[in-house]
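Peer 1: I'd like to ask you about the structure that follows.
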C-alpha cells in the first residue's frame, strides 16, 4: 500500500501526444470515483481489482469518442466472475458492477484477473442513441486478462497499433486511522502515423507451420517499437500513486522525445437509475408478473445493481394492486 502524503489531481483523463514518435494517447487516474464504485458493494479483494481494471479500460476507450452517447464494456464468461458491466456515459459519467459466485471466490483465495474471468468473450458497445445504429466489437476471452484482450481487439478490429497498461491498488490515507481507499489507473498509447503503411504490425506466428519451415514476420516501425517499449516500462505503482501526477509520469516516459498534453477531462461516478426509470421498467411487465413481484411487506422492492440504491414501489404505482390492470397504469 502507498501512504498518501499529498494528492495529485484525481478522477481525470489527460490526452497527450508524442509527435516525434507519431504517438497519441490518454492517461487516466481514478481515485474517489473508483473507491465509491468498489466500496459500496463490499466485493472480495480479487473481484475489486478485476472490476477496477475493467472500469479503467472502459473510461480509457470511451473517452476518445466525440459524441453524446454511451460506451459499454461487458464480459460474459465461465469464470467465477461470469459478468462485468461498465457504462461510460459521455462525456464524464461511469458506473460499474460485477456478478460473481461469492462463496467460490472466497474459497479460491487470491486469483489473478485472468483466472477469475475464465473463458468467454469481451464486448465493447457504442450507443449513440435511438436514432443511430449501435456498434459492437467482440473479442474472445481465452484465459487472458483484460489488457491482453484489449490488445487483441485493436489488432483484429481497429488495426491500430495499441498498447494498454492497467493497474488497481489500495492507498492508506496519510496518518492512518481509516481504511484504505481504492484507486485505478491506466495508460493507452496508439501509433497513428500520417502514412498508413507505417502502421503495419508484426505478423502472428502461424502456429502450425512444418518443422524447419522459415517463418517470415513483418517488421514494425521503429518509432512504434520505441513508444511501445517505453509504455511497457510503466509500473503498476506509478499508475495508482497519489503523489505522482499524470504529467510527471508522461515526462518520465517521453521527455527525451518531447510530450505534449492537452486539456484534461473529469470523470465522475454517477448512476443513471431513478425512480422514474424503475417505474417505467416495472410497468413493462404483464399485470400478472407485476402482481407476483409484490412482497410480504406489500411493496415491490428493486435494487440497482450498479449503485445499490433500494427502491420501494407501491403496487398501485405500477398497476399491480387489487382490481388494477395494465390499462389503469399511467
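Peer 1: How big, in percent, is the set of alpha carbon pairs in segment 275-328 lying more than 17 Å apart? Provide the component values of the computation, followed by the final result.
Peer 2: Values: 420 of 1431 pairs.
The proportion of pairs with Cα distances above 17 Å equals 29 percent.
Peer 1: Hey, can you rank 138-145, 78-85 by average C-beta count inside 10 Å, highest first?
Peer 2: Working: 138-145: 16.9, 78-85: 20.2.
Ranked by mean Cβ neighbours within 10 Å, highest first: 78-85, 138-145.
Peer 1: For segment 97-167, would you read off the P(r) tail past 16 Å as a percentage of all alpha carbon pairs? Walk me through the numbers on the way to the answer.
Peer 2: Values: 1505 of 2485 pairs.
Summing the P(r) of segment 97-167 above 16 Å gives 61 percent of all pairs.
Peer 1: A further question on this structure: What is the Cα coordinate range of segment 228-330 on the first, second and third principal axes, sorted by size from largest, in whole angstrom?
Peer 2: For segment 228-330, the Cα spread along each principal axis is 76, 25, 22 Å.
Peer 1: Report, to two decimal places, the Cα Rg of the chain normalised by 2.2 N^0.38 Å (N = number of residues).
Peer 2: 1.15
Peer 1: Do you know the relative contact order of the chain, to the nearest whole percent, from alpha carbon pairs under 8 angstrom that are 6+ apart?
Peer 2: Relative contact order of the chain: 23 percent.
Peer 1: Related question: Would you mind putting 96-107, 252-263, 16-27 in packing order, based on average other-beta-carbon counts within 10 Å, highest first?
Peer 2: 16-27, 96-107, 252-263
Peer 1: Just from its helices, what would the mean residue ellipticity at 222 nm be for the chain, if runs of 4 or more DSSP H residues each count -39500 (n - 2.57) and the sum is divided by every residue, rounded to the nearest 500 deg cm²/dmol?
Peer 2: So the calculated ellipticity at 222 nm is -7000 deg cm²/dmol.
Peer 1: What list do you get for 116, 250 if you sort them by fewest beta carbons within 10 Å?
Peer 2: If I rank by nearby Cβ atoms, fewest first, I get 250, 116.
Peer 1: Can you give me the P(r) profile for segment 52-174? Cα pairs, bins 10 angstrom wide beginning at 0, each as a whole percent.
Peer 2: P(r) over segment 52-174, rounded to whole percents: 12, 42, 33, 11, 1.
Peer 1: Now for a separate question. Using mean Cβ contacts within 10 Å as the protection proxy, how do 285-293, 164-172 order, highest first?
Peer 2: Result, highest mean Cβ count within 10 Å first: 164-172, 285-293.
Each reported figure results from applying straightforward, stated rules to the coordinates on display, with no laboratory input. Just so it is clear, the structure is predicted and the values come from calculations on it, not from any experiment. Cβ atoms come from the backbone with ideal geometry, glycine included; neighbour counts cover every protein chain shown.
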